[in-house]
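The values are calculated or read from the model by the stated rules, or taken from the named source; none is laboratory data. What you are looking at is a predicted structure, and each value in this text was computed from that prediction instead of being measured. Here the Cβ is made from the backbone with ideal geometry for all residues, glycine too, and neighbour counts use every protein chain on show.
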Amino acid sequence: MKKFKKWLKKRKILKAEKKAEKERIEFMSQFNTCGEGLDLFGVPEILFPKHISVGNNLKINKDVYINARSGVTIGDNVTLSYGAKIISTGYDIDTWMETGKRIHKEDTPVHIGNNCWVGAGAIILPGVQITGEYVLIGAGAVVTKDITESKVLVAGNPARIIKHYDK
């Protein structure tokens, strides 16, 4: 009886792993390009997935939101923590003020470079280019401008560099 329970438990685990792998492959196929090693820890909300290009070893946690209407590029070894948001579109305010019509700006893609970690609840706004490596975006930060320096901690609203790392 003990052997049967052990066998059954192992079979259930393998079944769950196969299901998770199938969901991961299906998720990856939605992107424009996607490297190896995508890890999902929960269900993200992604709009316009065909406008997303992803490198290797992306980790996406629960409640991540990506609006890729104008394009999102994510490099290698990037982590998007719980509730992080990447928004690549906005409205043309001048047109809205003149006519009352909301028209999306289509020229504001977001780029996140290699080895970056986007903290829980952080927001990356349209047009931001994170070209530095080993950039840590603190929890709750609102990134409104490009980050070109490497090995930095960025935090606040609006986000600014608050620490440089030597290692």
task: Please work out if residue 154 is surrounded by 21 or more Cβ atoms within 10 Å (Cβ to Cβ), farther than 20 Å from residue 33 by Cβ and β-branched (Val, Ile, Thr).
output: yes
- request: Could you grab me the full set of residues in the range 88-105 that are surrounded by fewer than 16 Cβ atoms within 10 Å (Cβ to Cβ), at pLDDT 80 or above and among the β-branched types (Val, Ile, Thr)?
  value: 99
message: Given the options 56, 67, name the one that is out of contact with any strand residue (DSSP E or B) (no Cβ under 8 Å at 6 or more places or on another chain) and within 15 Å of residue 32 (Cα to Cα).
response: 56
- prompt: Can you find even one residue in the range 17-30 that is polar (S, T, N, Q) and at pLDDT 90 or above?
  reply: no
- prompt: Is it the case that the range 46-55 has a residue that's over 11 Å from the mean Cα position of the chain (by Cα), within 20 Å of residue 141 (Cβ to Cβ) and not aromatic (Phe, Trp, Tyr)?
  reply: no
- prompt: Mind checking whether some residue in the range 116-139 is of a type in the set (A, V, I, L, M, F, W, C), surrounded by fewer than 18 Cβ atoms within 10 Å (Cβ to Cβ) and free of Cβ contacts under 8 Å to residues at least 12 places away in the same chain?
  reply: no
- prompt: For the subset of the range 88-111 comprising residues that are of a type in the set (A, V, I, L, M, F, W, C) and out of contact with any Phe, Trp or Tyr (no Cβ under 8 Å at 6 or more places or on another chain), which member is farthest from residue 62 (Cα to Cα)?
  reply: 97
